[in-house]
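Read-outs throughout are calculated quantities, based only on the coordinates presented, and are distinct from any laboratory measurement. All figures in this text were calculated on a predicted structure; none of them were measured in a lab. Note that we place each Cβ from the backbone using ideal geometry, even for glycine, and neighbour counts take in every protein chain shown.
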Amino acid sequence: MSVAALVAGGAGRPTLSFELFPPRSEAARDALHGAVAQLAGAGPDFFSVTHGAGGTTRAAGCELLAHLRRETRAVAMAHLTSVGATRRQVVELAEEFFARGVRDVLAVRGDPPAGRLPDPAPEDAVTRACDLVELVHVADRRHRVRAGAVAPLTVAVAAFPASHSPGDLQALRAKQDAGASFAITQVTYSAAEYAAFTERVRAAGITLPLLPGIVPTTDPARLLRLQQLTGVPVPRELLALLESAAEHGEAARRRAGTRFGRALARDLLRAGAPGLHLYTFNSAPAALDLLEGAHLGAGTPTVPSSAGRPQAPAVPHDAALAAGGSR
């Protein structure tokens, strides 16, 4: 069953997915492979793998996709970005993914590489996410001519629950009309925000399933860094909660943040979310702590006890952008 079908309700329960980014060193790769093994034990429906701006992590990303397909039972979804790319380059990259057996793509506009001024855009640059979605379908049609019968294609896109801009709703509608399957939201800290966003989306005639993106909420420094990079404010009450708990030690802070994350996960599911998408920062402990007690329903293995799990490392730049950059 395709990821699109699972998110649309075919799983018979809320879906579970994890986002990863390609490692930049051999040591990071080994650590990530260990994290993947732990995360796979939670029975996710899919992993998504970010694609660095300008192809900066293309080889490592393809290697990670292959590892996920080889070592886990979950679907491996590839991010496909259009920043600085021409229409031809987008089609060629999508065809490369299809040739490697990838049939699930997250089409996001992307951000220029950090610390580098954007190069002048070519005349046929892909600047809109809806055009990116359309080009993925063009690549799929070309691939089917050569490969014959293939598995169904899933094209996920991004959505922004914190935004009240009519332009963002129009952009999401355009992605739907171009052939998007479902949307993964930018990081959210509020089930009420998600529910209100869902109402605005439906009123705009958008029927795409909206999969909420969440992060472990145990480390205030990481959350503030994420806020700086994504523009999504961290709730003041969450920061106050973590600051107060930290007076009793690091373990107390992690427990308080984990309780907040678990409650958020449960509230999102009660608000009608079709599943949960966790931005993991390439670390298993905090993500699994959050899921423990989230009650995803029958068919999802019980997450092992959090006892003894180490604290996750600080968030790298690529991971922060994955949790809510320009999509």
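Region 84-104 and region 167-232 have Cα centres separated by 25 Å. Coupling constants for region 169-182 follow from the phi torsions by the Karplus curve (6.51 cos²θ - 1.76 cosθ + 1.60, θ = phi - 60°), and in residue order they are 5, 5, 5, 5, 4, 5, 5, 4, 5, 7, x, 5, 9, 6 Hz; glycine and proline get x. Note that region 131-139 has calculated 3J(HN,Hα) couplings of 5, 4, 4, 4, 5, 4, 5, 4, 4 Hz, one per residue in order, obtained from phi through the Karplus relation 6.51 cos²θ - 1.76 cosθ + 1.60 (θ = phi - 60°); glycine and proline are x.
Couplings for region 12-29, taken from phi via the Karplus curve 6.51 cos²θ - 1.76 cosθ + 1.60 with θ = phi - 60°, read x, 6, x, 7, 10, 8, 10, 9, 10, 10, x, x, 10, 8, 5, 5, 5, 5 Hz in order; Gly and Pro are left as x.
Rg and Dmax of region 131-229, both derived from C-alpha coordinates alone, stand at 16.4, 51 Å. Shape summary of region 3-322, radius of gyration then Dmax from alpha carbon positions: 18.9, 63 Å.
A simple count of charges around residue 143, restricted to other residues whose Cβ falls under 13 Å of its Cβ and scoring Lys, Arg +1 and Asp, Glu -1, yields +2. Taking amide H as placed 1.01 Å from N in the peptide plane, the amide H of residue 48 sits under 5 Å from that of 18, 19, 20, 77, each at least 5 places away or on another chain.
For residue 200, what is the net charge nearby, where nearby means another residue's Cβ is under 12 Å from its Cβ and Lys, Arg count +1, Asp, Glu -1? Taking every Cβ under 12 Å from that of residue 200, the sum is -1.
Starting with the highest mean, order 11-22, 195-206 by the number of other Cβ atoms within 10 Å, averaged over the residues of each peptide. Please list the in-between numbers first.
Working: 11-22: 22.8, 195-206: 15.5.
By packing density, highest mean first, the sequence is 11-22, 195-206.
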